[in-house]
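> Take this structure, written in structure tokens, and hold onto it; I'll ask about it next.
The values are calculated or read from the model by the stated rules, or taken from the named source; none is laboratory data. As the structure is a prediction and not an experimental result, all values here were calculated from the model. Cβ placement follows ideal geometry from the backbone for every residue including glycine, while neighbour counts extend to all protein chains displayed. Just the protein is used for accessible areas: all its heavy atoms, side chains included, with ligands, DNA and RNA removed. Shrake-Rupley method; radii C 1.70, N 1.55, O 1.52, S 1.80 Å.
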Amino acid sequence: MHDYAIEQMNRLLTTLAFQVHRAAKKPGPDEIHDLRVSIRRFSQGLQLFSDFFPKWEVKKIRRMLKRMMRLTSSIRDRDITLEFLAESEHASSNQSGHQPRLAKERSTYQRQFAEMVRRWSAHDFSAKWRNGLSLRGV
């Protein structure tokens with residue numbers, strides 16, 4: 001079971017790292033959504049296989065994932081709202097004054113996201129987490 005847990009977490013971490021870098025290059029709605037899915041799956045793996053990994057390491061990683069999830073939630077919420085407003089605009093002739101504000105807020109969160117990803121990448125998060133969880137050598 002331990003080998004299976006390590007194999008699954010390796011796969012999930014590889015996918016997460018790929019999605020982080022993909023979203024860093026192009027932080028569009030689809031990329032942010034895919035990153036959030038990867039974060040959720042990796043977090044669920046940490047929870048499911050928590051008995052196989054150091055508790056303090058799991059806690060530290062989950063805290064970092066939670067911060068990233070909160071930030072990407074702010075971006076995703078604005079993406080969904082902007083999409084809804086754009087669709088509503090076609091249905092009615094009312095122009096929404098909310099769109100410019102929401103787009104500006106999204107840009108602000110996107111800059112914060114870019115800074116967080118830059119820090120994660122500078123610290124080579126996936127290699128650190130792989131070592132901290134002892135995912136090497138299966």
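> Tell me the mean residue ellipticity at 222 nm calculated for the chain from its helices only (DSSP H runs of n ≥ 4, each -39500 (n - 2.57), averaged over every residue, nearest 500). Could the numbers behind the result be given before it?
Working: 5 runs with 114 residues, N = 138.
About -29000 deg cm²/dmol.
> By how many nm would the segment from Glu7 to Ser73 grow when fully extended, if each residue of separation counts as 0.36 nm and the alpha-carbon distance is taken off? It would help to have the intermediate numbers written out before the result.
Working: separation 66, 0.36 × 66 = 23.76 nm, distance 2.86 nm.
Full extension from Glu7 to Ser73 adds 20.9 nm.
> In whole Hz and in residue order, list the ³J(HN,Hα) couplings for the range 31-41 that follow from phi through the Karplus curve 6.51 cos²θ - 1.76 cosθ + 1.60, θ = phi - 60°; x for Gly and Pro.
Those phi angles translate into 5, 5, 4, 4, 4, 4, 4, 5, 4, 4, 5 Hz.
> Can you tell me which of Thr72, Thr15, Thr81 moves the most in a GNM of the chain? Springs connect C-alpha atoms under 10 Å apart.
Highest fluctuation of the listed residues: Thr81.
> Which order do you get for Asp79, Asp51 if you rank them by accessible area with a 1.4 Å probe, largest at the top? Before the final figure, lay out the partial values.
Numbers: Asp79 15, Asp51 130 Å².
The most accessible residue leads, giving Asp51, Asp79.
> Let me ask something additional. Could you tally the net charge around Arg36, taking each other residue with its Cβ under 14 Å from the Cβ of Arg36, Lys/Arg +1 and Asp/Glu -1? Could you put the intermediate results ahead of the total?
Details: positive: Arg22, Arg40, Arg41, Lys66, Arg67, Arg70, Arg76, Arg78; negative: Asp30, Glu31, Asp34, Asp77, Asp79.
Taking every other residue near Arg36 into account, the sum is +3.
> While we're on this one: Carbon-plus-sulfur fraction of the accessible area of the chain, 1.4 Å probe, in percent?
On the way: 4450 of 8460 Å².
On the chain, the fraction of accessible area on carbon and sulfur atoms equals 53 percent.
> If contacts are Cα pairs under 8 angstrom and at least 6 residues apart, what is the relative contact order of the chain in percent? Could the numbers behind the result be given before it?
Details: 91 pairs, mean separation 48.0, N = 138.
About 35 percent, as a whole number.
> Ok, one more. If you plug each phi of the range 51-56 into the Karplus form 6.51 cos²θ - 1.76 cosθ + 1.60 with θ = phi - 60°, what whole-Hz ³J(HN,Hα) values come out, in order, with x for Gly and Pro?
Rounded to whole hertz, the list is 5, 8, 10, x, 4, 5.
> Can you give me the accessible area per residue for the chain, using a 1.4 Å probe, in Å²? Working shown, then result.
Details: 8460 Å² over 138 residues.
Solvent-accessible surface per residue comes out at 61 Å².
> How far is helix 98-122 tilted off the main Cα axis of the chain, in degrees rounded to 10, range 0 to 90?
Roughly 20 degrees, rounded to the nearest 10.
> May I have the extent of the alpha carbons of the chain along their three principal axes, as whole Å values ordered from largest to smallest?
60, 28, 22
> Which residue fluctuates the most in the chain, going by a Gaussian network model with Cα springs under 10 Å, if the choices are Leu35, Leu16, Leu71?
Leu71
> Name the trypsin sites (Lys or Arg not before Pro) in the range 98-138 that are in a loop by DSSP and that have at most 13 other C-beta atoms within 10 Å, would you? Mind showing how you got there, number by number?
Working: sites: Arg101, Lys104, Arg106, Arg111, Arg118, Arg119, Lys128, Arg130, Arg136; in loops: Arg136.
Here the sparse-neighbourhood loop sites are Arg136.
> Something else: Near the amide H of Phe49, under 5 Å away, which other amide H atoms are found, from residues 5 or more places off or on another chain, if H is placed in the peptide plane?
none
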